[in-house]
Each structure stands twice: as C-alpha cells, then as structure tokens.
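For reference, the structure discussed in these notes is given below.
No value in this document is a laboratory result; all are computed from the given coordinates. Keep in mind that this is a model prediction, so the values were computed, not measured. Methodologically, a virtual Cβ is constructed for each residue, glycine included, from the backbone with ideal geometry; neighbour enumeration extends over all protein chains shown.
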Amino acid sequence: MGRAFLIVLDSVGCGGAPDAAAFGDAGANTLGHIAQACAEGRAEVGRSGPLRMPNLDRLGLGAAVRLASGAAMPGFAARPEGLWGAATELSRGKDTPSGHWELAGVPVPWDWTYFPDVVPAFPDDLVAEVCRLAGTAGILGNCHASGMPIIAEHCAEHLRSGWPICYTSADSVFQIAAHEEAFGLERLLKLCADVAPMLHARKVGRVIARPFTGTCDNFKRTSNRRDYAIAPPAPTLLDWVQDAGRVTHAVGKIGDIFSMQGIGKLWKGKSDADLFEHLVRLGAEAEPGSLTFANFVEFDSLYGHPRDVAGYARALEWFDAALPRFFATLEPGDLAIFTADHGNDPTWTGTDHTRERVPVVGWGAGAREVGLRGFVDVAASIAAHLGVGAQGPGRSFL
C-alpha cells in the first residue's frame with residue numbers, strides 16, 4: 001500500500017497570486033526574485049552564482065514557477081520528469097494556519113482579526129489579562145514589530161522588570177517573547193497557553209511563545225518556540241487519513257498548526273536539518289498507507305522575515321542537495337508532494353509574508369503537468385492516492 005509525504009517549504013512562494021494587489025504584494029515572487037538575484041550576483045554571501053536546485057527542478061519546479069508567475073527562473077531549464085503545477089489560495093490571508101489548513105482541504109471560513117499598526121496595538125482588556133496571567137504590572141512592546149529588533153529594544157527592561165515583550169505583525173498573531181532563564185520557559189509557555197483561548201475567541205489565529213537566551217548584547221531565540229493555533233474549523237486531511245485507520249506523522253510545527261488534531265505521531269527538532277533526518281527516517285520506516293506531513297520553517301523564520309536573500313538561497317540549495325537521501329528511501333507506489341503555504345519574498349519591502357501562489361511538484365506520479373490548481377486540490381489528491389475519503393471542495397489532480 002503506497003504512502004504519502006506532504007512537504008511544506010514554509011514561505012517558498014512563486015508569485016502570480018491574482019489578488020496580490022489587495023495585500024500590497026503585487027509583483028512579489030519569492031522563488032523568482034531569489035533566482036534573479038542569484039543570477040545577477042546579488043546573493044554571494046556563503047554561496048555564489050545562479051540558484052542551483054537541480055533535484056526539484058528535475059521534478060518541475062522551474063516550470064511551476066514560470067506557470068504561476070511568468071518568472072524567467074535563470075538556471076532552471078530541466079524538462080519536468082515529475083508532477084508539476086502551482087496552487088492558488090482561497091482563504092483571505094497569507095499566514096501559516098490559512099495556508100496549511102487549506103493545503104489540508106479546509107479553507108478558512110472567517111476573516112482573521114489583525115491588530116492595528118498603532119502604539120499601543122492591543123486593547124486594554126487583553127493587556128490586563130496578560131498582566132494578570134503573568135503576574136506583572138505591565139507589558140513591553142505593545143506594537144507591530146519584527147522579533148529580533150523588538151527583543152533588542154526591550155531586553156534590558158525585560159530582565160530588570162520581568163515584564164513580557166508582546167508584539168504582533170501583519171499576520172493574525174499575538175507573540176510573547178521572554179528570557180528562558182530569567183522569566184522561565186515553562187512560565188512563558190503556560191502564559192501563552194492560558195491567554196490563547198481569549199485570542200482565539202476573537203479570531204486571532206495564533207499565540208506564539210518566543211523564548212530567547214543569552215545577554216542583551218548577545219541573545220538568541222531558541223528552538224523552544226511554540227505556536228498555540230486556533231483549531232481547524234472542520235476535519236482536515238490528517239483527520240481523513242486517521243479516520244480511515246491509517247497512521248499520521250507530523251514533522252516540525254505541524255502539531256502546533258493543527259492543534260494536534262488528526263496527528264498520531266509528532267516529530268520535532270532544533271533545526272530544519274534535524275527535521276530532514278526525521279523525514280529520511282520516515283521515508284524508510286513509515287507504515288504502508290500512512291501520511292507524513294512535514295513543515296520546514298527556517299526558509300521563512302531565518303531568511304524570509306529578515307530579508308536575507310543569500311541566506312534564503314543557501315537554505316534552498318541545502319534542501320535540494322539533501323533530497324536524494326530522501327528519494328532513496330521511497331518505494332514504488334509512494335507519493336511525495338513539495339509545496340508551500342504562502343510567500344515571504346526576501347527582496348520585498350517590510351518583514352512580513354507576501355501573498356503568492358505556491359509551487360506544487362511531486363515524486364511518484366510520473367511526468368504530469370497539473371496546471372493551476374487550488375490549495376485544497378493538494379489534499380484531495382493525497383486522499384485519492386491513499387484511497388481515503390476526501391471532504392471539502394478540493395478536486396484530485398491525479
């Protein structure tokens with residue numbers, strides 16, 4: 001019985017979203033602009049020359065980006081040997097839950113709540129509840145910010161007062177940063193878990209714990225981040241597979257994104273390199289008929305938000321170069337789909353996600369162009385491959 005692997009390269013969009021202008025992202029193209037920057041010698045830190053992703057290009061990545069957005073993709077000239085196409089998101093957002101839920105067959109049926117880009121950003125009753133739960137007289141931040149700068153700005157006062165650092169972004173999120181030792185990791189996680197129901201009731205998608213360590217002039221965020229996401233509004237691909245009596249594996253932050261709904265076994269690590277080892281192991285060991293759903297977050301968190309083009313290119317090339325180890329574990333009848341949840345163009349203005357189509361390329365379905373599809377069609381296709389009942393609006397492209 002064949003298995004399925006759904007692998008999300010977080011934020012690796014390919015431009016072309018028909019509604020990008022409504023999000024201020026007309027022309028954004030994560031993969032297209034990285035490939036262009038590399039070809040023009042503008043991404044030379046730690047690497048050099050055109051963007052090299054021969055394994056995914058062989059499956060059809062370059063063709064998928066050209067289909068989605070018309071990007072030239074210099075250096076991507078392989079004739080596709082795999083399944084390839086691109087997907088457009090229906091949900092009104094460009095965030096992690098929207099993208100992943102819709103890839104799993106469930107568009108978001110509501111409008112997310114976003115905090116205004118003013119200071120203070122948060123309503124008084126929310127601030128009061130955070131203070132009550134944290135046992136503090138106030139909070140720091142209370143604004144739109146990027147994670148590293150806001151910690152740098154308030155680190156000293158956080159260590160002096162013990163007040164948590166609270167901030168948001170253009171996404172529907174409420175983030176709390178705190179020092180793992182001085183504030184306490186378990187205290188931070190409990191604070192986020194306890195305040196999450198209040199935020200979820202207001203349709204704020206996630207409460208994110210952002211722990212850090214070190215001194216104020218040499219701090220680093222740790223791998224103990226936790227996302228407390230609102231639960232999906234309907235059964236997802238993970239539930240469909242589990243309800244059919246099959247095993248589901250979640251790699252990375254999939255457990256957080258789906259609030260552990262439909263997840264049988266969870267595998268986490270301190271880095272994408274750790275997560276890739278889980279993927280290789282599951283390629284060798286995952287049960288017949290099982291689903292492995294993996295997220296590789298560092299494209300987004302380490303390189304997209306900080307707008308690090310060369311770093312993003314290095315990460316893409318590392319992932320592609322590692323793929324033959326995973327492919328070697330796959331068996332006849334298996335299906336592996338590589339896609340993304342949104343964009344985060346490192347050449348774009350600001351520090352937030354970008355509204356884009358995403359590539360869809362696959363191993364195990366032969367050479368097949370599937371065209372422009374919806375995110376939900378990914379779930380329907382995997383369900384069809386596994387022979388489990390699909391729900392929702394998706395249509396299989398297999």
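For Val251, what residues show an amide H to amide H distance below 5 Å, using hydrogens built from the backbone and excluding near sequence neighbours?
Amide H to amide H, under 5 Å and 5 or more residues apart or across chains, Val251 pairs with Trp267, Phe293, Ala294, Asn295.
How far apart, in nanometres, would the label points at Asp274 and Glu40 be if each is projected 7 angstrom from Cα along the Cα-to-Cβ direction?
Each label point lies 7 Å from its Cα, and together they span 3.8 nm.
Can you compute the radius of gyration and Dmax for the range 237-316, using only the Cα atoms, both in Å?
For the range 237-316, the Cα radius of gyration and maximum Cα-Cα distance read 14.2, 44 Å.
For a quick protection proxy, order the peptides 330-336, 361-367, 114-120 by their average other-Cβ count within 10 Å, most packed first.
Packing proxy ranking, top to bottom: 361-367, 330-336, 114-120.
Mind telling me which of Pro197, Pro123, Pro74 comes out most flexible in a GNM of the chain, alpha-carbon contacts under 10 Å?
For the chain, modelled as a Gaussian network with Cα springs under 10 Å, the answer is Pro123.
Taking R0 as 35 Å, what's the FRET efficiency between Leu90 and Trp318 from their Cβ-Cβ distance, rounded to 0.05?
0.65
Among Ala310, Ala121, Ala328, which one shows the highest mean-square fluctuation when the chain is modelled as a Gaussian network with alpha-carbon springs under 10 Å?
Ala328
Give the calculated FRET efficiency between Ala193 and Val127 to the nearest 0.05, with a Förster radius of 25 Å applied to their Cβ-Cβ distance.
0.90
Can you tell me how much longer the chain between Asp217 and Ala234 gets when fully stretched, taken as 0.36 nm per residue apart minus their C-alpha distance, in nm with one decimal?
Extending this stretch completely gives an extra 1.6 nm.
Peptides 345-354, 23-32: what's the order by average Cβ count within 10 Å, highest mean first?
Ranked from most to least packed, the peptides come out as 23-32, 345-354.
If neighbour count is taken as other Cβ atoms inside 10 Å, put Leu188, Leu6 in order from fewest to most.
The fewest-first ordering by Cβ neighbours comes to Leu188, Leu6.
State, to one decimal in nm², a quarter of the convex hull surface area for the C-alpha atoms of the range 1-74, i.e. the direction-averaged projected area.
For the Cα atoms of the range 1-74, the hull's average projected area reads 6.8 nm².
Consider just the alpha-carbon atoms of the range 208-264 and return their Rg together with their Dmax, both in angstrom.
My reading of the Cα-based Rg and Dmax gives 15.7, 52 Å.
Take Lys203, project a point 7 Å from its Cα along the Cβ direction, then tell me which residues of the range 98-138 have their backbone nitrogen under 11 Å from it.
109-114
Only helical DSSP H runs with n ≥ 4 go in: add -39500 (n - 2.57) per run for the chain, normalise by residue count and round the 222 nm mean residue ellipticity to 500 deg cm²/dmol.
Calculated mean residue ellipticity at 222 nm is -10000 deg cm²/dmol.
Between Ala152 and Met260, what FRET efficiency comes out of the Förster formula 1/(1 + (r/R0)^6) with R0 = 35 Å and r the beta carbon distance, rounded to 0.05?
Rounded to the nearest 0.05, the efficiency is 0.60.
Amide H to amide H, which residues 5 or more places from Leu335 or on other chains are under 5 Å from it, using H placed in the peptide plane?
Amide H neighbours of Leu335, under 5 Å, 5+ apart: Arg3, Ala4, Phe5.
In percent, how large is the relative contact order of the range 107-260, given Cα pairs closer than 8 Å and 6 or more residues apart?
18 percent.
Quick one: work out the % antiparallel among DSSP beta bridges in the range 77-224, nearest 5.
Taking every DSSP beta bridge with both residues in the range 77-224, the antiparallel ones total about 40 percent.
Find the relative contact order for the range 267-398 and round it to a whole percent, using C-alpha pairs within less than 8 Å whose residues are 6+ positions apart.
Over the range 267-398, the number comes to 19 percent.
With no other cysteine's Cβ closer than 4.7 Å, which Cys residues of the chain count as lacking a disulfide-compatible partner?
Within the chain, the cysteines lacking a partner Cβ under 4.7 Å are Cys14, Cys38, Cys131, Cys143, Cys166, Cys192.
Using only alpha carbon pairs under 8 Å that are at least six residues apart, calculate the relative contact order of the chain and give it in whole percent.
Computed over the chain, the figure is 30 percent.
Rg to Rh for the range 257-398: what is it, with Cα atoms only and Rh by Kirkwood?
Result: Rg/Rh = 0.96.
How do 34-44, 213-223, 172-182 rank on mean C-beta neighbours within 10 Å, highest first?
Order by mean packing, descending: 172-182, 34-44, 213-223.
Counting DSSP beta bridges in the chain, what percent are antiparallel, to the nearest 5?
Expressed as a percentage, antiparallel bridges in the chain total about 35.
Give me the dipole magnitude in Debye, nearest 20, for the chain about the Cα centre, with unit charges on the beta carbon: positive for Lys and Arg, negative for Asp and Glu.
400 debye
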